[in-house]
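**Q** Here it is: the structure, laid out below.
The values are calculated or read from the model by the stated rules, or taken from the named source; none is laboratory data. In this text the structure is predicted, and so the values were computed from the model without any measurement. Neighbour counts are summed over all protein chains in view; Cβ atoms, including those assigned to glycine, are modelled from backbone coordinates with ideal geometry. Note: areas computed on protein heavy atoms with side chains; ligands, DNA, RNA excluded. Shrake-Rupley method; radii C 1.70, N 1.55, O 1.52, S 1.80 Å.
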Amino acid sequence: MAPPRSCLAFAFTTVGTACIAVAAAFECEASSTECATSPDALRDHSLLQSGSLVMADVSTHVHGALAQDSCQSQSVRRRRRNSEMTYCRRRHSSPGYDDTDLPGAMWTCSEEQNQMVCDPSKAPPEGSDSMAMGYPGIGALKAEGLWCSVNRPPDDWNLKSCPSSGSASKITVKVLTYNLFWWNLFDKRGGSGRSAGKLITQTSGPEQYDIMAFQECDDRSRVINDAKLEGLPGEYEALDGGRAVAIAYLKSRWTLQAQGSEDVGEDDQHQHYGKRTAQWVRLQHADGKVVFFMNHHGPLPVGWGGGCTGSAAAYNIMRVIAEHAHRDDSIVLVGDFNAPADSSRIMELDTRLNRVFSGTEMGGVDHIFTNCAADAQGTNLGKGRGEFGSDHDALSVTFKF
């Protein structure tokens, strides 16, 4: 039996037109099993779920149509929630609510009309996640003339509130961030009797680490294998983020939804090793909750400002988060930022996210941030468990999301 028209449109016309395929996927879900019998529809739907749908060579003059169709397609998605989905329904434009519309959001609540309205000029950039919250880069340009230039968001824009959830239950999420000092601890000292692996295993506890972030990590498999040889339970998937950063997550609890890496800063010429990246993943817990987790290794010199090192790096970090995290995600940002608390980049991040824990070594340059700080408990784990360790603190925080 041929699939219904909405499915055919989804399968064959999405790439060549301005249609945002998320909406069509919802139409297919509403059309019973006939949609599921279309191999093309299934194929494209799976592409949507992985976030890898590729738009074919869309020129600038088509962008307006793309933006307008974004409004049309998202209105279809909203109608799937309610047949009269034109009113705000637990949404606010005025500040002070958990569900206040974010600056720069395409869909906002007109409280005067009690109606959702769409501004197509605020459609997500081509190739971005159409379900992401979006970055409101409407202020002055920072690092103008440099590759890392980025617009400043509004002063009152931040991600400091816990996402709303239809469930009263919470999940426990235990994370680790650890700069491994690779050239010294591993290359020079051979790992010092699996010093880093012992630290990971001995601090994992019966609850186990859900997500681990490593900086100065030349071989992520070596780190996980050393920990397993020391008795670390569970199976971890370790993802390479480039530029010697990596993320590992516990496969029995989490399913990878999306991942990526993007350069967000660069060392100053006074101590230049290269550009600095932000690696991120979106992970779905077995109970359905989603965590957006980012790992960053910051620019040198320590605490430096200006160029691509200071607040420009912080703005770019926030931009990448906002372009890929969804409104209902719990957000965790960790890493060796090469910046103490009184540096411009950390002070800027402090205005946008909740910093829940920091290290003490190297002037306190390792930090953990989140949008949902309630019940967060941090621990400084030290540098290692062998004769030699890292030159940084390993930090752990347990969250209740």
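**Q** When the range 212-241 is examined, which residues are found to be among the charged types (D, E, K, R), touching a strand residue (DSSP E or B) at 6+ places or on another chain (Cβ under 8 Å) and closer than 16 Å to Phe186 by Cα?
**A** Answer for the range 212-241, where residues must be among the charged types (D, E, K, R), touching a strand residue (DSSP E or B) at 6+ places or on another chain (Cβ under 8 Å) and closer than 16 Å to Phe186 by Cα: Glu216, Arg220.
**Q** Counting only residues that are under 22 Å from the mean Cα position of the chain (by Cα) and of a type in the set (Lys, Arg), which one in the range 160-203 is most open to solvent (accessible area, probe 1.4 Å)?
**A** Going through the qualifying residues, I end up with Lys170.
**Q** Further question: Quick one: what pairs do we get from the range 306-320, first residue in contact (Cβ under 8 Å) with a residue 60 or more places away in the chain and on the phi > 0 side of the Ramachandran plot, second acidic (Asp, Glu) and surrounded by fewer than 24 Cβ atoms within 10 Å (Cβ to Cβ), C-beta under 9 Å, 6+ apart or different chains?
**A** Close Cβ pairs satisfying both conditions: Gly307/Glu266; Gly307/Asp268.
**Q** Since Asn338 meets every condition but one in (1) crowded, with 24+ Cβ neighbours inside 10 Å; (2) closer than 16 Å to Gly139 by Cβ, which condition does it not meet?
**A** Going through the list (1) crowded, with 24+ Cβ neighbours inside 10 Å; (2) closer than 16 Å to Gly139 by Cβ, Asn338 breaks only (2).
**Q** Are any of the residues in the range 353-374 touching a residue at least 60 places away in the same chain (Cβ under 8 Å), under 20 Å from the mean Cα position of the chain (by Cα), under 24 Å from Lys400 (Cβ atoms) and assigned to a helix (DSSP H, G or I)?
**A** no
**Q** Continuing with this model, one more query. Within the group Glu266, Glu262, which residue is over 19 Å from Met362 (Cα atoms) and free of Cβ contacts under 8 Å to residues at least 60 places away in the same chain?
**A** Only one candidate passes the filter, namely Glu262.
**Q** A further question on this structure: Can you say whether Ala143 is at pLDDT 70 or above, among the small types (Gly, Ala, Ser), touching a His at 6+ places or on another chain (Cβ under 6 Å) and open to solvent by less than 60 Å² (accessible area, probe 1.4 Å), as far as the supplied structure shows?
**A** When the stated conditions are applied, Ala143 does not pass them.
**Q** While we're here: Suppose the filter is out of contact with any strand residue (DSSP E or B) (no Cβ under 8 Å at 6 or more places or on another chain), over 18 Å from Phe214 (Cβ atoms), open to solvent by less than 40 Å² (accessible area, probe 1.4 Å) and among the charged types (D, E, K, R); does Arg352 pass it?
**A** When the stated conditions are applied, Arg352 passes them.
**Q** Quick check on the range 248-273: of everything there that is in contact with a strand residue (DSSP E or B) (Cβ under 6 Å, 6 or more places away or on another chain) and more than 21 Å from Asp329 (Cβ to Cβ), which residue is surrounded by the fewest Cβ atoms within 10 Å (Cβ to Cβ)?
**A** By that ranking, first place goes to Asp263.
**Q** Follow-up. May I ask you to say which residue of Ala322, Ala394, Ala286, Ala374 is in contact with a Lys or Arg (Cβ under 8 Å, 6 or more places away or on another chain) and open to solvent by less than 10 Å² (accessible area, probe 1.4 Å)?
**A** Exactly one of Ala322, Ala394, Ala286, Ala374 is in contact with a Lys or Arg (Cβ under 8 Å, 6 or more places away or on another chain) and open to solvent by less than 10 Å² (accessible area, probe 1.4 Å), namely Ala394.
**Q** Among residues belonging to the range 210-233 that are under 19 Å from His392 (Cα atoms) and part of a loop (DSSP other than H, G, I, E, B), point out the one that is least open to solvent (accessible area, probe 1.4 Å).
**A** Looking at residues that are under 19 Å from His392 (Cα atoms) and part of a loop (DSSP other than H, G, I, E, B), I get Cys217.
**Q** Confirm whether Arg276 is open to solvent by 70 Å² or more (accessible area, probe 1.4 Å), under 19 Å from Trp182 (Cβ atoms), more than 14 Å from the chain's Cα centre (by Cα) and not hydroxyl-bearing (Ser, Thr, Tyr).
**A** Criteria not met by Arg276.
**Q** Of all residues in the range 184-209, count the ones that are assigned to a loop (DSSP other than H, G, I, E, B), hydroxyl-bearing (Ser, Thr, Tyr) and farther than 12 Å from Ile247 by Cβ.
**A** 1
**Q** Could you tell me which residue of the range 377-391 is most open to solvent (accessible area, probe 1.4 Å), considering only residues that are in a loop (DSSP other than H, G, I, E, B) and in contact with a Ser or Thr (Cβ under 9 Å, 6 or more places away or on another chain)?
**A** Checking each candidate, the answer is Glu387.
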